[in-house]
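Below you'll find the structure, written out as structure tokens, and then a few comments.
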Amino acid sequence: MLTRVKVSLLFLFFSFSVICHLSSVICYAEDDVAEYVNNAWASQNDPPKLYTICDECIAKFSPEADAQAQTLKDFPPASEEDKYKVMNKVAVCYFIKGEALHDQGRDKEAVKVLQDIISKYPYAREFDSSRGTYWEVSDIAKKTIDKIEGVRLIEEEWSKVEPEVKISLYDEGSEFPVDYAKYGQFTAVGKKEYKYIIKDPIGLAKAVGEGIYPNTAALKFDPEFAKIKKQLSSLDYWKIVNSRDMRTAFYKWNVATEPDGVKQFYIADILERSGYTKQAIKAYYAILVHFPNVYSWTYWHTPWYVAKAALYRIKFLLKENPQLGLKLEGASLQVVNGYDNDVRNDVFLPNPGKITKMSLLDKVAWKADACHVKKRPLRKIVKQRGGEMVKLVQYENGDWQFLVDGKPFVVKGITYGPTKVGESPDKGTMQNWTTQDINNNGIIDATFEAWVDANRNNVQDPGETNVGDFQLMKEMGVNAIRIYHQPFKINKELIRQMHQKYGIYIILGDFLGKYALGSKAAWNPGTIYSDPVHRQNMLDSVKEMVMEFRDEPAVLFWILGNENVYGVACNADKDPESFFKFANEAALLIKSLDPKKRPVAIASGDILFLDVFAKNAPDIDIFGANAYRGKYGFLDYWDEVKRASDRAAMITEYGAPSCAKGYTDQEAQHFQAEYHRGCWQDIRCNGAGYGAGNAIGGFVFEWLDEWWKAYEPAIHDRRGIFTGPFLDGYMHEEWLGVCSQGDGKNSPFMRWLKEAYYTYQQLWSLN
């Protein structure tokens, strides 16, 4: 993601401890294995010193590391990582040494060192604070060996496509939609005391059908369940939740030990994927009725409000299935105090609403408008933000719209930063794409010399002429790219050409201390937003950006930060109030320096601390956030921004990988395209006149697959980095582009255009 393109892990990854030299002796302030690792990373440009550090660490701590390794048969849970600190750090020292040997061309020695990791410490892993995830040391060691030996192996498991097995329900229920008023009583609707009291459990169970609360009895009579009941006990329901064997997943989740609301959500999801749309709607709706207060946790340990997700899935399914002739009316779920990570202070105000028949007017609107509702009249402008040429206006009905030269403008943006295969910020080899000219012909490579490999044979055949990314983006419908003035200096002449010839703007940003960029802070602890020195350094960085680019017509508006509220070399996650107050100060500085008075946006992390933003950043004009919520769109994002801050809103980063375990590449590409379609339709249908009325556009992540994100930049790694709402349940970060680089041999020039590219070409050609 955009978060990853900013620094070299090897040089900025840690705050380094003091090393003193007395001849060849290295003295450490603390006798700590972690300090050896920190200093080894810091010594990448001094191999002799690096080898000394690593060898001393291995000699000193390997007996304890070996003892820890012998107690493990699998990776320990994250909560127990500290117990295996010595083993993990020693393995990392081996890895650093192996990489350094390889960089010096001492490949035989490198392979031996890396093989020691695989044999001695197969369950060692290290936390990468720049990515927020653990990396498995032996796995990365294997990939380095793979590169050294010149073998690009695709794991056998990736060549296997799982057979699809759908459910065959024994009992579909007698009623759709279910009239819950017949079987019980709703009390305190819309209040924290809300309850649904079941009066006729047998009647309700018959109405909803198998797998839908409170029907647990039907499972006992299902002959398909009887066939596989014995084998279910050996299965992990989380590992099969995204399996193509939906029959097994369905039955396993029916007997899972998760809270009822969480169980019901995944049962509904499996029913939906298996083609049981009506049953899926009933299962999602059961969550609104019975379990509106249930929550779970994301991979990042942020709260996930299950009923909110269920509510918007019902809306999506009803909209996508007009033949049902139904709509969800009056449903809402507000979570007071739900913008932080502390669920203890949450107050739920549920209203399950009711699934009712569409009226004749509803059906007419569905057919007449792409958003399937009648557009609201905007009436006169009552508020304005920004300057005269580029501004945001709010109408009488409360809706926001973005205007450029007096005309409505929807941001159809993409994150653009083409990386040549083999380059990596982790190794300090990433080059500046705005000046890169590796064939020395005086033409910027990717932007003007990229070509489309139409037959995907990894060769530039006759007729496959150089066209360039700018032209390809124009043909896709892109009207803006999101870039930062750090850490590379931007080629202004190139940006001018992009705007003048191809009609593409830039949204220009400053990282505002994220990854310690701009603040000049050490990586650890990173930027402190209450520190006056850090604050002044960041203001100087913002001023430099504005003064250099304020007269450039290509600049559409300014953007501050990038997921700062998630932390990573800054303390915005721990002190959000100081961060947002400072962001507001930076916005005021921009407005004082920019003669065109362009709007200022923020790129936050989903809606975390949205209430703190609303209170402390009144001069930021657009609330933007990086959000990866799934193919159904952004759920309550637009409504929450409207409720909390009444500001124009956008998505500053969203997307999905075109890679999934157990699926063909074609299936994964299709999922990626459908994910983007759903997200863009959600953006469009919350713009002025529709939905929340505050969406002004979004930025696809990203233009081109980047091969370095799973650490080994010479291999297009399929490894899932973390869990998420994707086809196989994992984020494959090296496959997020709407364009591929094929086998990588013709990087940075060759492009394979994925299905998502053509999906946007269609979507963005519409007004």
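Each row is one residue, and each column tells you yes or no for (1) over 30 Å from THR664 (Cα atoms); (2) assigned to a loop (DSSP other than H, G, I, E, B).
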{"residue": "TRP158", "(1), (2)": "no, no"}
{"residue": "SER168", "(1), (2)": "no, yes"}
{"residue": "PHE176", "(1), (2)": "yes, yes"}
{"residue": "LYS191", "(1), (2)": "yes, yes"}
{"residue": "ILE212", "(1), (2)": "yes, yes"}
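Any idea which of (1) closer than 21 Å to ILE602 by Cα; (2) in contact with a helix residue (DSSP H, G or I) (Cβ under 6 Å, 6 or more places away or on another chain) is the one PHE549 doesn't satisfy?
Status for PHE549: all satisfied but (2).
Here's the yes/no breakdown for (1) farther than 14 Å from VAL738 by Cβ; (2) touching a residue at least 60 places away in the same chain (Cβ under 8 Å):
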| position | (1), (2) |
| --- | --- |
| LYS631 | yes, yes |
| PHE634 | yes, no |
| CYS659 | no, yes |
| THR664 | yes, yes |
| PHE671 | no, no |
| GLY687 | yes, yes |
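Out of the residues in region 62-98 that are under 29 Å from the mean Cα position of the chain (by Cα), charged (D, E, K, R) and more than 15 Å from ASP32 (Cβ to Cβ), state the one that is surrounded by the fewest Cβ atoms within 10 Å (Cβ to Cβ).
ASP74
Among the numbered criteria (1) surrounded by fewer than 16 Cβ atoms within 10 Å (Cβ to Cβ); (2) in contact with a Lys or Arg (Cβ under 9 Å, 6 or more places away or on another chain), which single criterion is violated by ARG456?
Result: ARG456 fails condition (2) only.
Select, from ILE443, ILE504, ILE528, ILE438, the only residue that is touching a helix residue (DSSP H, G or I) at 6+ places or on another chain (Cβ under 7 Å), free of Cβ contacts under 8 Å to residues at least 12 places away in the same chain and aliphatic (A, V, I, L, M).
Exactly one residue qualifies, and that residue is ILE443.
Looking only at region 526-567, count how many residues are part of a loop (DSSP other than H, G, I, E, B) and over 26 Å from the mean Cα position of the chain (by Cα).
Filtering region 526-567 down to residues part of a loop (DSSP other than H, G, I, E, B) leaves 526, 528-531, 550-554, 561-563, 567.
With over 26 Å from the mean Cα position of the chain (by Cα) added as a condition, the list becomes 530-531, 550-554.
Final tally of qualifying residues: 7.
Scan (1) over 30 Å from VAL178 (Cβ atoms); (2) touching a Leu at 6+ places or on another chain (Cβ under 8 Å); (3) part of a loop (DSSP other than H, G, I, E, B); (4) not polar (S, T, N, Q) for the single condition LYS374 breaks and write down its number.
(1)
Within region 152-173, which residues are of a type in the set (A, V, I, L, M), surrounded by fewer than 16 Cβ atoms within 10 Å (Cβ to Cβ) and at pLDDT 90 or above?
Let us first name the residues in region 152-173 that are of a type in the set (A, V, I, L, M), namely 153-154, 161, 165, 167, 169.
When the remaining residues are screened for being surrounded by fewer than 16 Cβ atoms within 10 Å (Cβ to Cβ), the result is 153-154, 161, 165.
Across region 152-173, the qualifying residue is only VAL165.
Do you know which residues across region 296-323 are in a helix (DSSP H, G or I), buried (at least 18 other Cβ atoms within 10 Å of the Cβ) and of a type outside the set (Lys, Arg)?
Result: VAL306, ALA307, ALA309, ALA310, LEU311, TYR312, ILE314, PHE316, LEU317, LEU318.
Any idea which of (1) under 36 Å from the mean Cα position of the chain (by Cα); (2) at pLDDT 95 or above is the one LEU204 doesn't satisfy?
Failed condition: (1).
Can you name the residue in region 622-635 that is buried (at least 24 other Cβ atoms within 10 Å of the Cβ) and out of contact with any helix residue (DSSP H, G or I) (no Cβ under 8 Å at 6 or more places or on another chain) and, of all such residues, is nearest to SER592 (Cα to Cα)?
Among them, the one singled out is ILE622.
Does ASN455 satisfy the condition of being out of contact with any strand residue (DSSP E or B) (no Cβ under 7 Å at 6 or more places or on another chain) and in a loop (DSSP other than H, G, I, E, B)?
Working: out of contact with any strand residue (DSSP E or B) (no Cβ under 7 Å at 6 or more places or on another chain): yes; in a loop (DSSP other than H, G, I, E, B): yes.
Against the criterion (out of contact with any strand residue (DSSP E or B) (no Cβ under 7 Å at 6 or more places or on another chain) and in a loop (DSSP other than H, G, I, E, B)), ASN455 qualifies.
Output the qualifying pairs, or none if there are none: Cβ atoms under 6 angstrom, residues six or more apart or on different chains, first residue in region 340-361 and assigned to a loop (DSSP other than H, G, I, E, B), second residue surrounded by 16 or more Cβ atoms within 10 Å (Cβ to Cβ) and of a type in the set (A, V, I, L, M).
Close Cβ pairs satisfying both conditions: ASP346/VAL335; PRO352/LEU288; PRO352/VAL289; PRO352/ALA331; GLY353/LEU328; GLY353/ALA331.
Can you pull out every residue in region 180-222 that is charged (D, E, K, R), free of Cβ contacts under 8 Å to residues at least 12 places away in the same chain and farther than 30 Å from ILE240 by Cβ? Walk me through how you get there before you give the answer.
So in region 180-222, the residues charged (D, E, K, R) come out as 182, 191-193, 195, 199-200, 206, 210, 220, 222.
Filter once more, so that each one left must be free of Cβ contacts under 8 Å to residues at least 12 places away in the same chain: 193, 195, 220.
Answer for region 180-222, where residues must be charged (D, E, K, R), free of Cβ contacts under 8 Å to residues at least 12 places away in the same chain and farther than 30 Å from ILE240 by Cβ: GLU193, LYS195.
The values are calculated or read from the model by the stated rules, or taken from the named source; none is laboratory data. Here the structure is a predicted model, which means the values were calculated and not measured. Using ideal geometry, Cβ is built from the backbone for each residue, glycine included, and neighbour counts are taken over all protein chains shown.
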